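Each remark here refers to the structure printed beneath this line.
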Amino acid sequence: MGTDGWTSTSLPYLAAASGGDAWAAEAAAEGRRGSQRIVRAGRVAAPQEVADLLGVPVGEPVVARRRVMYLDDEPCELTDTYYPLAIADGTALAGTAKIRGGAIRLLSEMGYVGARVREDVTARPATGQEQETLLLGPGEPVLQLTRLTMDDTNRPIQVDMMAMPPRRQKLRYEIRIG
């Protein structure tokens, strides 16, 4: 990607799409190529932050999907998505195959519709695995975007934890008042 930055907005990833890959569509709209690779999926023990956000005990099984996102064939984001076991166990969310229409669409079809989203963005040192996967130099930090999606009863249905190099990212939030 070199010096070409990337501006990302969250909205396309929060509503069930009419079909296709929201990431690929967002990149294509900018004349770029977006792709992803699902590294692993299945049950994991909920780490502290995920347990707190999903409202489950630390170590309780949850379903997690790890993806590496690519922009023009260069890794630009490492995304871990977590779901409560009661929602995702035994579904395509627990597998490594690409989900037709995307995870948000599948959740919606299963009756889990996001109504409220909270995002927190922090900067932190990259882990060794993040440095390797995202092709970061020594000491390069990452932006961590943590997104909690809740239904209309404020029940957590999904947690996304994304790590991305700040030198390649710009996050944009547009808020409509009233």
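The values are calculated or read from the model by the stated rules, or taken from the named source; none is laboratory data. A quick note: this is a predicted structure, and the numbers were derived from the prediction, not measured. Because the Cβ atoms are built from the backbone with ideal geometry, glycine has one as well, and the counts that use them run over all protein chains shown.
Before we move on, is residue 102 surrounded by 16 or more Cβ atoms within 10 Å (Cβ to Cβ), closer than 20 Å to residue 49 by Cβ and under 15 Å from the mean Cα position of the chain (by Cα)? So residue 102 does not fit the description; no. Among the residues of segment 10-25, not one is small (Gly, Ala, Ser), touching a strand residue (DSSP E or B) at 6+ places or on another chain (Cβ under 7 Å) and either surrounded by 17 or more Cβ atoms within 10 Å (Cβ to Cβ) or modelled with pLDDT of 95 or more (or both). For segment 80-127, which positions are of a type in the set (Lys, Arg), touching a residue at least 60 places away in the same chain (Cβ under 8 Å) and not in a loop (DSSP other than H, G, I, E, B)? Passing the criteria: only 105. Those residues that are within 30 Å of residue 141 (Cβ to Cβ), among the small types (Gly, Ala, Ser) and exposed (fewer than 13 other Cβ atoms within 10 Å of the Cβ), I need them from segment 108-126; list them, please. Selection gives 123 alone. Restricting segment 133-164 to residues that are among the acidic types (Asp, Glu) and surrounded by fewer than 16 Cβ atoms within 10 Å (Cβ to Cβ), the residue that is farthest from residue 39 (Cα to Cα) is 152.
Residues being within 25 Å of residue 97 (Cβ to Cβ) and buried (at least 19 other Cβ atoms within 10 Å of the Cβ): count how many of those fall in segment 26-65. Qualifying residue count, segment 26-65: 11.
The listed residues are 77, 130, and the only one of them that is outside any loop (DSSP other than H, G, I, E, B), of a type outside the set (Ser, Thr, Tyr), crowded, with 20+ Cβ neighbours inside 10 Å and out of contact with any Lys or Arg (no Cβ under 9 Å at 6 or more places or on another chain) turns out to be 130.
Looking at 153, 127, 81, 91, can you tell me which residue is of a type in the set (Val, Ile, Thr) and within 16 Å of the chain's Cα centre (by Cα)? It is 81.
If you check 39, 68, 50 for being under 19 Å from residue 130 (Cα atoms), in a helix (DSSP H, G or I) and aliphatic (A, V, I, L, M), only one passes: 50. Here is the figure for segment 154-171: residues that are at pLDDT 80 or above, part of a strand (DSSP E or B) and out of contact with any Asp or Glu (no Cβ under 9 Å at 6 or more places or on another chain) total 2. Which of the residues belonging to segment 133-153 are in a loop (DSSP other than H, G, I, E, B) and under 20 Å from residue 109 (Cα atoms)? Answer for segment 133-153, where residues must be in a loop (DSSP other than H, G, I, E, B) and under 20 Å from residue 109 (Cα atoms): 151, 152, 153. For segment 126-153, enumerate the residues that are among the hydrophobic types (A, V, I, L, M, F, W, C) and under 23 Å from residue 52 (Cβ atoms). Scanning segment 126-153 gives 126, 142, 143, 145, 148, 150.
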